[in-house]
Amino acid sequence: MRQPAWKGSNLNGIWNLVVAHGPCNRSKSDRLPTVTDLQRLHERNEAIALSPHPLSRALTRMTGPSSPARMGFLRDAYNYAVGEPALHIGRGP
């Protein structure tokens, strides 16, 4: 069965942009991020969202107005990529 199209923000948007030098970028290739990778991306996005950085507004508009909403957005994007709602990141015990 074919998966429906992604309905979230642009996958090439600032929320998903991570600067990396060539060797690191090539070593990642097309593997899915780990839970640790996603947690680090969320922490980076939170630092931008809570700062006076010019990208803060664009980031929160794309991913949500609160930290839990932004984490939920990353979780939804990941679950869409793997095709199942099984990832639990950013949740307490």
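Readers should treat all values here as calculations from the given coordinates under stated rules, not as data from a laboratory. This structure is a prediction, so every number in the text was calculated from the model and none was measured. Cβ: placed from backbone, ideal geometry, glycine included. Neighbour counts: every protein chain shown.
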Looking at segment 29-58, which of its residues are under 19 Å from Tyr80 (Cβ atoms) and not in a loop (DSSP other than H, G, I, E, B)? Val35, Asp37, Leu38, Gln39, Leu41, His42, Asn45
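Among the residues of segment 62-69, is there at least one that is among the β-branched types (Val, Ile, Thr) and touching a residue at least 24 places away in the same chain (Cβ under 8 Å)?
Checked segment 62-69: at least one residue is among the β-branched types (Val, Ile, Thr) and touching a residue at least 24 places away in the same chain (Cβ under 8 Å).
Would you point out the residue of segment 33-65, among those that are basic (Lys, Arg) and either more than 12 Å from Asn16 (Cβ to Cβ) or surrounded by 17 or more Cβ atoms within 10 Å (Cβ to Cβ) (or both), that is nearest to the chain's Cα centre (by Cα)? Even if it seems obvious, please write down each step before you answer.
Applying the first criterion (basic (Lys, Arg)) to segment 33-65 yields 40, 44, 57, 61.
Retained after the next criterion (residues that are either more than 12 Å from Asn16 (Cβ to Cβ) or surrounded by 17 or more Cβ atoms within 10 Å (Cβ to Cβ) (or both)): 40, 57, 61.
Numbers: Arg40: 9, Arg57: 16, Arg61: 14 Å.
Only one residue tops the list, namely Arg40.
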